[in-house]
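The values are calculated or read from the model by the stated rules, or taken from the named source; none is laboratory data. If you're wondering where the values come from, they're calculated on a predicted model, not measured in any experiment. With ideal geometry, Cβ positions are generated from the backbone for all residues, glycine too; neighbour counts draw on all protein chains shown. Note: areas computed on protein heavy atoms with side chains; ligands, DNA, RNA excluded. Shrake-Rupley method; radii C 1.70, N 1.55, O 1.52, S 1.80 Å.
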Amino acid sequence: MVQYKIPVIAGDGIGPEVIAEGKKVLDAASEKHGFELEWIDYPHGADHYLATGELMPEDTLRELEKYKTIYLGAVGDDRIEPGILEKGILLAMRFYFDQYINLRPIKLLEGIWTPLKDKGPDDIDFVVVRENTEDFYIGIGGGAKEGRTHQELEVVRKLYKVKFDIDIDSDADEIAYQIGLISRKGTERVIRYAFELSRERKKHLSSVDKANVLPDIYGFWREIFRKVATGYPDVKTDFNYVDAITMWFVKNPEWFDVVVTPNMFGDIITDLGAMIQGGMGLAPGGNINPEGTSMFEPIHGSAPKYKGMQKANPIATIWAGAMLLEHLGEKEATGSVLRAIGQNIKEGKVRTPDMGGASKTSDVGDDIARIVRTLDK
Ligand code: IPM
Ligand code: MN
């Protein structure tokens with residue numbers, strides 16, 4: 001029997017609760033479809049950091065690199081300054097494993113309420129391909145005068161062979177800056193991935209940028225997009241400024257099929273995407289390196305105030321689990337997890353409070369696992 005070993009980082013807040021349900025449903029799917037899953041739990045997150053001072057050490061990264069997929073809950077905790085865990089664990093993995101695709105399906109399932117009036121499942125069904133390792137996320141910046149130092153990641157310097165040096169006059173006002181950087185290689189590969197994906201869908205690819213105000217970085221993005229597009233004459237394309245696309249997501253979501261975006265704009269527009277598909281509890285994501293280690297997670301955070309209360313909706317995490325199975329090539333199991341999610345929603349009996357129900361996180365996982373077992377293959 002095929003066996004997959006999958007490292008799991010449940011993380012903080014509601015992370016462990018939603019991951020438990022994801023594992024439950026994926027275990028049910030594996031039994032049904034004749035393969036085995038072995039979960040390897042890692043303790044990384046707030047408690048581990050507070051106890052040991054360790055975020056995501058290099059030897060753990062090297063160990064995780066041996067696997068094709070990782071299942072992640074969420075990181076973030078009130079006891080720790082914002083950014084420490086997010087950068088030290090989540091972003092550290094995205095960068096170390098060079099997960100240059102952040103794949104975020106925006107799909108309204110049948111039976112889910114959307115805040116968009118008169119829009120239904122046929123109107124809201126697209127995929128955002130977010131660049132995931134460059135742009136304003138590279139972590140170079142600094143400031144003057146009060147205690148800010150210039151930070152320049154050694155890894156970025158080596159990767160791009162650049163050195164940033166900013167001179168600040170001693171009589172300057174207090175300032176802060178952060179630098180965004182994209183590379184031809186980094187941009188080309190994500191745009192190419194998005195073109196390929198659009199060929200499997202409706203052959204329509206929308207590009208996001210802000211080339212009118214940030215022409216150096218996003219004019220370059222456009223130039224590369226145009227160049228890659230010449231290899232895909234069958235795919236319809238358009239350019240969208242990021243501010244305008246937020247408006248179109250709300251007004252005409254049915255226009256979109258595949259959307260490719262630089263990292264930070266992708267972060268922002270996918271929270272909007274999550275809302276129009278029914279809320280953060282329903283939005284999954286995959287951090288993908290097609291040749292390396294990929295990582296699947298709900299796009300919501302750790303919601304510390306709901307920790308341990310069994311109120312969180314596990315569907316985003318279960319759906320992310322389905323994406324993980326798809327990445328492993330287990331197409332049938334993927335299909336049954338997705339159908340089971342759909343059926344749980346349509347039946348409408350076992351729902352968490354965000355969807356107007358009163359069921360516990362674990363009830364939803366139980367119900368979806370039960371449906372997986374009853375579905376035809
Ligand atoms: C996301 C999150 C992360 C991001 C944070 C937690 C670093 O918001 O996955 O969208 O900004 O990418
Ligand atoms: Mn985000």
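Phe126 fulfils the conditions (1) crowded, with 22+ Cβ neighbours inside 10 Å; (2) closer than 25 Å to Lys5 by Cβ except for a single criterion, (2). Exactly one residue among Ser294, Ser336 is over 28 Å from Thr133 (Cα atoms), more than 16 Å from ligand 2 (Cβ to nearest atom) and surrounded by 19 or more Cβ atoms within 10 Å (Cβ to Cβ), and that residue is Ser336. Identify all residues within region 267-286 that are buried (at least 24 other Cβ atoms within 10 Å of the Cβ) and within 12 Å of ligand 2 (Cβ to nearest atom); write none if there are none. Once the filter is applied, which keeps residues that are buried (at least 24 other Cβ atoms within 10 Å of the Cβ) and within 12 Å of ligand 2 (Cβ to nearest atom), region 267-286 yields Gly273, Ala283, Gly285. Considering only residues in region 246-266 that are closer than 13 Å to Arg130 by Cβ and within 16 Å of ligand 2 (Cβ to nearest atom), the one that is surrounded by the most Cβ atoms within 10 Å (Cβ to Cβ) turns out to be Val259. Please work out if Gly120 is assigned by TED's automatic domain parsing to the domain that holds Thr261, open to solvent by less than 50 Å² (accessible area, probe 1.4 Å), at pLDDT 95 or above and under 30 Å from Arg351 (Cα atoms). Spelling it out, Gly120 is indeed assigned by TED's automatic domain parsing to the domain that holds Thr261, open to solvent by less than 50 Å² (accessible area, probe 1.4 Å), at pLDDT 95 or above and under 30 Å from Arg351 (Cα atoms).
Could you list, in sequence order, the residues of region 291-300 that are within 11 Å of the chain's Cα centre (by Cα) and either farther than 16 Å from Leu72 by Cα or within 11 Å of ligand 1 (Cβ to nearest atom) (or both)? Those that are within 11 Å of the chain's Cα centre (by Cα) and either farther than 16 Å from Leu72 by Cα or within 11 Å of ligand 1 (Cβ to nearest atom) (or both): Met295, Glu297, Pro298, Ile299, His300.
Taken over region 161-206, the criterion of being among the hydrophobic types (A, V, I, L, M, F, W, C) and either within 19 Å of Arg130 (Cβ to Cβ) or touching a residue at least 60 places away in the same chain (Cβ under 8 Å) (or both) is satisfied by Leu181, Ile182, Val190, Ile191, Ala194, Phe195, Leu197, Leu205.
Can you confirm whether region 302-314 contains a residue that is among the aromatic types (Phe, Trp, Tyr), in the same structural domain as Phe95 (by TED's automatic domain parsing) and within 16 Å of ligand 1 (Cβ to nearest atom)? No, that holds for no residue. Taking (1) charged (D, E, K, R); (2) in a loop (DSSP other than H, G, I, E, B); (3) surrounded by 15 or more Cβ atoms within 10 Å (Cβ to Cβ) in turn, Lys202 satisfies each apart from (3).
Would you confirm whether or not region 208-229 contains a residue that is more than 16 Å from Gly266 (Cα to Cα), open to solvent by less than 20 Å² (accessible area, probe 1.4 Å) and of a type in the set (Val, Ile, Thr)? Looking through region 208-229, at least one residue is more than 16 Å from Gly266 (Cα to Cα), open to solvent by less than 20 Å² (accessible area, probe 1.4 Å) and of a type in the set (Val, Ile, Thr).
Scanning region 68-83 for residues that are of a type outside the set (Phe, Trp, Tyr) and in contact (Cβ under 8 Å) with a residue 24 or more places away in the chain turns up Lys68, Thr69, Ile70, Leu72, Gly73, Ala74, Val75, Gly76, Asp77, Asp78, Arg79, Ile80. Pairs linking a residue in region 324-340 that is under 19 Å from Trp39 (Cβ atoms) and in a helix (DSSP H, G or I) to a residue that is open to solvent by less than 50 Å² (accessible area, probe 1.4 Å) and among the hydroxyl-bearing types (Ser, Thr, Tyr), with Cβ atoms under 7 Å and 6 or more positions apart or on different chains, are Leu324/Thr69; Leu324/Tyr71; Leu325/Thr334; Glu326/Thr334; His327/Thr69; His327/Ser294; Ala333/Ser30. Across region 84-105, the number of residues qualifying as assigned to a helix (DSSP H, G or I), touching a strand residue (DSSP E or B) at 6+ places or on another chain (Cβ under 8 Å) and either outside the structural domain of Leu338 (by TED's automatic domain parsing) or charged (D, E, K, R) (or both) comes to 2. Of all the residues in region 31-53, those that are over 30 Å from Ile371 (Cβ atoms) and surrounded by 13 or more Cβ atoms within 10 Å (Cβ to Cβ) number 7.
If you go through region 352-377 and keep only what is more than 18 Å from Lys23 (Cα to Cα), free of Cβ contacts under 8 Å to residues at least 24 places away in the same chain and surrounded by 15 or more Cβ atoms within 10 Å (Cβ to Cβ), you end up with Gly357, Ser359.
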